[in-house]
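Worksheet: one structure, shown below.
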Amino acid sequence: MATVREVPHESAFESTIQSLPPSTLTVVYFHAPWAKPCEQMSVILKTLASTYPADAPIAFLSLNAEELPDVSEQYDVTAVPYIVVQKDGKTLETVSGSDAAKVRAAVERYAGAGSGTTGSSLPPAQTVTRPPVENGTNGLSTKNLASYAPDANDPKTAPEYSSGEQETNKEELHKRLSELVKAAPVMLFMKGTPSAPQCGFSRQTVSVLREKGVRYGFFNILADDEVRQGLKEFADWPTFPQLWVDGELVGGLDIVKEEFENDPEFLAQYSVNQPKPA
């Protein structure tokens, strides 16, 4: 039976793709180890692959989207899990999310149904719903982050807000997080720093904000696991990066891109070129 092959690095991906016959249908699966829906998608694809014989003209490739950022950008991956069905270098269809029925339908549309019977036991989809955002402003001082535009000399994480390793109870943590998300009018919670992003999604988000000239503060969640874990519950949003505006969650990279596509003036009032009021 066919199996899902993990591709460890970008050169291996290129060589694997080049070695496949033009007639081979390739299912490219982008995942991230921290994303819960990817755990389910891994099971879905393993089950789906097992329905095809080993010599079938179909290949299932699994890629860590963060470890292979150039490939992720090549395929315009903004969220995981993300599936690309392609043949002879041409993308036929993409599926974002962990809906088993959609993934199976996309594969079978071009490869035909597998011979196994395990397809009926594929698990149901998991979904991540964007939390409602209410309009409002905060009355907290933005401190020195309000005019902060990160550069190559930026520190390990947002100034004045990095804690030690002491543990706090949930109430204290949530109080701290409520202040953190309002530390600047625009706050980016990311992996790494703007000058040294530690994941492809964080790097793409920084690139978008830089391209749009947005002034923002940032927090390196890798420097503070308490914030990293606590913000997932506080925001009801399980992944990073997270962009917050005026203390309200906007979302991750995919939503930030959508906002700019739908409204070119999105975040315009926070531009570094925005004239200061007299």
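Cross-link pairs exceeding 24 Å between alpha carbons, from the set K46/K87; K87/K257; K175/K212; K87/K191: K87/K257; K175/K212; K87/K191. In the context of the full protein assembly, Y75 retains an accessible surface of approximately 30 Å², using a probe radius of 1.4 Å and ignoring ligands and nucleic acids. Ligands, DNA and RNA aside, V214 has an accessible area near 10 Å² when probed at 1.4 Å.
Among R228, R109, the order of accessible area from largest down is R109, R228, computed with a 1.4 Å probe on protein heavy atoms.
Each part reduced to its alpha carbon centroid, region 1-57 and region 218-244 end up 30 Å apart. Ordered by solvent-accessible area of protein heavy atoms (1.4 Å probe), largest first, the residues I255, I17 come out as I17, I255.
The heavy atoms of S19 present about 80 square angstrom of accessible area, all protein chains included, probe 1.4 Å.
Ranking H9, H31, H174 from most to least accessible surface, computed with a 1.4 Å probe over the protein chains only, gives H9, H174, H31.
State the percentage of accessible surface on region 1-114 attributable to carbon and sulfur atoms; use a 1.4 Å probe and exclude ligands, DNA and RNA. Result for region 1-114: 50 percent of the exposed heavy-atom area is carbon or sulfur.
The values are calculated or read from the model by the stated rules, or taken from the named source; none is laboratory data. Keep in mind it's a predicted model, so treat the numbers as computed, not measured. Each accessible area value is taken on the protein alone, full model and side chains, heavy atoms only, with ligands, DNA and RNA left out. Shrake-Rupley method; radii C 1.70, N 1.55, O 1.52, S 1.80 Å.
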